[in-house]
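Step one of this worksheet: look at the structure below.
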Amino acid sequence: MAYVVTQNCCNDATCVAVCPVDCIHPTPAEREYTRTEMLYIDPGTCIDCGACSDVCPVDAIVPGDAPAPDIDRYREINAEYFQRNPRSAPPGAHVQPLPLTLATTGVTDPPALRVAIVGSGPSAFYAAEELLARRDIAAEVTMFERLPVAGGLVRFGVAPDHWHTKTVDRVFNRTARRDGFTFHLGVEVGRDVTLDEVLAHHHAVIHASGASGDRRLGIPGEDLPGSYAAREFVAWYNGHPDHAERTFDLSARRAVVVGNGNVALDVARILVSDVKTLRRTDIADHALAVLADSRVEEVVVLGRRGPEHAACTTPELLALGSLPGIDVLVDGPVTAGPDAPAKLRILAEYARREATPGNKRIVLRFGTSPREVLGAGRAESLLVAHGDTVDRIECGLILRAVGYRGLPIDGLPFDEAAGTVANAGGRVALPDTGETVRGHYVAGWIKRGATGVIGTNRYCAAETVEALLADHRAGLLAAPTAAAADLAALVRERRPDALGGADWRAIDRFERERGREEGRPRIKIVDARQAAVVAGAAAR
Ligand SMILES: Cc1cc2nc3c(=O)[nH]c(=O)nc-3n(C[C@H](O)[C@H](O)[C@H](O)COP(=O)(O)OP(=O)(O)OC[C@H]3O[C@@H](n4cnc5c(N)ncnc54)[C@H](O)[C@@H]3O)c2cc1C
Ligand code: SF4
Ligand code: SF4
C-alpha cells in the first residue's frame, strides 16, 4: 500500500529528493510549498519503495496500512491534496533543482570563506550545512549560541510530547561534526563579544537569532499577573534556563488561551495532559512537579475569526482529538459538507461531540475577541466580544498565543511591523534605499518573521547562503582582519565557562542516559552550571 506522510512532518523535503517517481508534493520548487501545512504522497503514483521513510528525519512517513494513530485520516489527507491540486505534468516533470546546491566543481583556492552564525536553531544549522557540505568552496563556520545547549526552539519550543519532531536534532548533530565547524555555546553575541569583533574574524555574519519577543493583544490588563505570553509558558515547561526559576499558578479550574494556532494547541494540551503521559516526555522536571498539582480542568481556546480560519494545522487539530481522557469540543455549531477542507470537517466532528463526565476539556471558541483582562491585582476573568455580545470568562490563567516576535539587533535596520531585521532575500538591507549592509545576512524567523515549521528554515537558509556566496564571488565581502585562533582566545577571556561542540555532545549523552533509566527520551539539564559540570566530567 502507498506510503503516507503523517503528523510529524516538518516540511524539510528531504524525502522529495529520494523519491524515484516524484510523488511527494509540494516540492520546494512549487509555489504551494511556502504555504503548505505538510508534504503529501500521491497514492496513485507511489510504488511503495520506502526510500522516503528511510530518510525522513522525524519518522513522519509510514506505510498506509501501518498501525499508526489516525492512519485512515492521513490516507485521506494525503490523497485529498492531489484531488485539490491535480498534477498536470507527468511524473518527473516537477523535479527541479532544489535551492540546495551542493556544487561538484573544483574547490576554490584557500583561504577558506569564514562565516559566523549567531544562533543554533534550525535556520543556523541549515545555513551551516549549506556552507560546509559544498564542494565548490572551502568554508569554515563559527556558531555562537547564548545558551549552554543547542537547538533553539527544537529544544525550547517544540512540545515535549512531540518527541519525534525533536529528533531532527540528529541532523544538526551531524552538521556540528563536519570539518570546519566550531561551536561556542554560552556566548551571546552583543553581550560577550561585539558584532564588530565577530565580523573582524569572518567574511560575513549570518544572524539566525530567532524571535524571542511576543506580539501583544493591546488590551487593558494584559500584563496583570496570571496573564502571560504563551512563549513564557512554553519556555518554562521546556526547561529554558532563562525561565526555569519562575512558576505558574495552576490553582484555578479554567485557563484561557488567546489564539488558535499550533502554539495555542500545544499549551492547551500540556495544561490538561495526564501527568503520567508527560512523565514519559522530556518536559522539565520543575514543570512536571507544578503540573502534577494542577487543578486546571478546562482550557478555552479563543479564535477571533470563524472555524474556517482556524490557524492551527490539520495534523495538530486531528491529533488533539484523540488524547486519552481529554474531550475536545467546539462551542457552537460548525457546518462542513463532504467536500469541505479536512480541517473544517474535523472541527465539525468535534462540534458534534458531547462532554464525557470526569474528562478534562479543551473548548474551541470561534469569532471571539478578547477585550480586557479583569481582576484585582491578578487576572480573574477575560472580557470577550462575540459579535454584538460581550461575555466574561472566569479563569485563573490567560496565555496569549498570538505570535512570537523578533527583537532588534544593535546596529542593524529593523522592520518594526514585521518584527524582522530588514533584509532582501537574506541580505541585511536598509528599508528606505535597499542598500545592503556589508557582511550581514539573516536566516530563519529573524529574517521572515515568526512563521513556518522547522523545514521551512532549510530553504530560507539556503537562499541566504546563496546570496552570501554570490557576494563573496563578486568580491563584495571584506576579508577577516583577525585570525580564527585570536577569536577562540577572545571567547575564552570573556566567557571562561563557554562550552564547545564536544561538550554539547557530552551533555546530550548524559541527558539521554538519565532519561533511559526512567523510560524518558531525555531528562533535561536546565542549569548552566550543571551543564558545565557534566561537560567537564566528560572531558576528563
Ligand atoms: C512553541 C513552538 C512549537 C513549535 N513546534 C514545532 C513543531 O512541532 N514542528 C515544527 O516543524 N516546527 C515547530 N515550531 C517552529 C520551529 O521551532 C521554528 O520554525 C524554528 O525553530 C525557527 O528557527 P530559527 O533558527 O529561526 O530560530 P530559533 O529556533 O528560535 O533559534 C534561535 C537561536 O538563537 C539564539 N540566540 C538568540 N540571540 C542570540 C545571540 N545574540 N547570541 C547567540 N545566540 C543567540 C537563541 O538562544 C536560539 O537558540 C514551533 C515553534 C514554537 C514557537
Ligand atoms: S519531515 Fe521532511 S522528510 Fe519527513 S515527510 Fe516531512 S518533508 Fe518529508
Ligand atoms: S515509498 Fe517510494 S515511491 Fe512512495 S513516496 Fe516514498 S519514495 Fe516515493
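The values are calculated or read from the model by the stated rules, or taken from the named source; none is laboratory data. Small disclaimer: the values here were computed from a predicted structure and weren't measured. For neighbour counting, all protein chains shown are included, and Cβ atoms are generated from backbone atoms with ideal geometry for every residue, glycine included. Surface areas here come from the heavy atoms of the whole protein model, side chains and all, with no ligands, DNA or RNA. Shrake-Rupley method; radii C 1.70, N 1.55, O 1.52, S 1.80 Å.
Taking amide hydrogens as placed 1.01 Å from N in the peptide plane, the amide H of GLY306 sits under 5 Å from those of GLY367, each at least 5 positions away in sequence or on another chain.
So what is the calculated 222 nm ellipticity per residue for the chain, using -39500 (n - 2.57) for each DSSP H run with n of 4 or more, over all residues, to the nearest 500 deg cm²/dmol?
Details: 19 runs with 168 residues, N = 540.
After summing the helix terms and dividing by the residues of the chain, the value is -8500 deg cm²/dmol.
Taking the Cα centroid of region 125-201 and of region 220-265, what is the distance between the two, rounded to the nearest whole Å? Result: 28 Å between the Cα centres. For the chain, the carbon plus sulfur part of the accessible surface works out to 51%, probe radius 1.4 Å.
For region 171-278, what does the relative contact order come out to in percent, with C-alpha contacts under 8 Å and a separation of six or more? Mind showing how you got there, number by number?
Working: 29 pairs, mean separation 14.2, N = 108.
That works out to 13 percent.
Close amide H pairs (under 5 Å, H built 1.01 Å from N) link TYR3 with ASP48, GLY64, residues at least 5 positions away or on another chain. Which cross-chain or sequence-distant (5 or more) residues have an amide H under 5 Å from the amide H of GLY500, H modelled 1.01 Å from N in plane? It is LEU185, by chain and number. Going by accessible surface with a 1.4 Å probe and the largest first, SER294, SER251 read SER251, SER294. The mean of 1/r over all pairs of different alpha-carbon atoms in region 215-403, once inverted, gives a Kirkwood hydrodynamic radius of 16.8 Å.
I want the local charge near PRO431. Using Cβ-Cβ distances under 11 Å, sum +1 for each Lys or Arg and -1 for each Asp or Glu among the other residues. All intermediate terms of the calculation are to be shown ahead of the outcome.
Values: positive: none; negative: ASP415, GLU416, ASP432, GLU435.
Local net charge: -4.
If you roll a 1.4 Å probe over the heavy atoms of the protein chains, what accessible area per residue do you get for region 3-84, in Å²? Walk me through the intermediate numbers first.
Numbers: 3400 Å² over 82 residues.
Heavy-atom accessible area per residue stands at 41 Å².
With a 1.4 Å probe and every protein chain left in place, work out the accessible area per residue of region 223-264 in Å², rounded to a whole number.
33 Å²
Rounded to whole numbers, the Karplus 3J(HN,Hα) couplings from phi for region 514-530 are 4, x, 4, 4, 10, x, 10, x, 6, 10, 6, 8, 10, 9, 4, 5, 5 Hz, using 6.51 cos²θ - 1.76 cosθ + 1.60 with θ = phi - 60°, and x at Gly and Pro.
Within the chain, DSSP assigns beta bridges of which about 40% are antiparallel (rounded to the nearest 5).
Pairs of Cα atoms under 8 Å, at least six residues apart: use those to get the relative contact order of region 124-183, whole percent.
Relative contact order comes out at 47 percent.
Compute the Cα gyration tensor for region 3-84, then decide on rounded, prolate or oblate, letting a ≥ b ≥ c be the square roots of its eigenvalues: rounded whenever a/c is under 1.5, prolate when a/b is larger than b/c in the other cases, and oblate in all that remain. Please report the intermediate quantities before stating the final value.
Working: a/c = 1.32, a/b = 1.18, b/c = 1.12.
Judged from the Cα gyration tensor, region 3-84 comes out rounded (a/c under 1.5).
Return the whole-Å distance between the Cα centroid of region 1-68 and the Cα centroid of region 495-518. Centre-to-centre (Cα) distance: 33 Å. In order along region 71-87, phi translates into HN-Hα couplings of 4, 4, 5, 5, 4, 4, 4, 5, 5, 4, 4, 7, 5, 7, 10, x, 8 Hz, rounded to whole numbers, per the Karplus curve 6.51 cos²θ - 1.76 cosθ + 1.60 with θ = phi - 60° and x for Gly and Pro. Among MET1, MET38, the order of accessible area from largest down is MET1, MET38, computed with a 1.4 Å probe on protein heavy atoms.
Across region 430-443, computed HN-Hα scalar couplings (Karplus, 6.51 cos²θ - 1.76 cosθ + 1.60, θ = phi - 60°) run 5, x, 6, 9, x, 5, 7, 9, 4, x, 10, 9, 9, 8 Hz from first to last residue, x flagging Gly and Pro.
Rg/Rh for the chain to two decimals, with Rh computed the Kirkwood way over all alpha-carbon pairs.
Numbers: Rg = 23.8 Å, Rh = 24.6 Å.
Rg/Rh: 0.97.
A cysteine counts as unpartnered when no other cysteine's C-beta lies under 4.7 Å of its own; in the chain this applies to CYS9, CYS10, CYS19, CYS23, CYS46, CYS49, CYS56, CYS312, CYS395, CYS460. Centre-to-centre separation between the Cα atoms of region 415-454 and those of region 267-339: 34 Å. What angle, in degrees between 0 and 90 and rounded to the nearest 10, separates the Cα long axis of helix 342-352 from the longest principal axis of the Cα atoms of the chain? Helix 342-352 sits at roughly 30 degrees to that axis.
Around PRO413, what is the net charge, scoring Lys/Arg as +1 and Asp/Glu as -1 over all other residues with Cβ under 12 Å from its Cβ? Let's see the in-between values first.
Numbers: positive: ARG427; negative: ASP410, ASP415, GLU416, ASP432, GLU435.
Net local charge, PRO413 excluded: -4.
Could you tell me how many degrees, from 0 to 90 and to the nearest 10, lie between the Cα long axis of helix 262-272 and the main elongation axis, the longest principal axis, of the Cα atoms of the chain? In the chain, helix 262-272 runs at an angle near 60 degrees to the longest axis.
Explain nothing, just the number: relative contact order of the chain, from Cα pairs under 8 Å at least 6 residues apart, as a whole percent.
Details: 1113 pairs, mean separation 93.1, N = 540.
It comes to 17 percent, rounded to a whole number.
Taking all protein chains into account, the per residue accessible area for region 385-540 stands at 49 Å² (1.4 Å probe).
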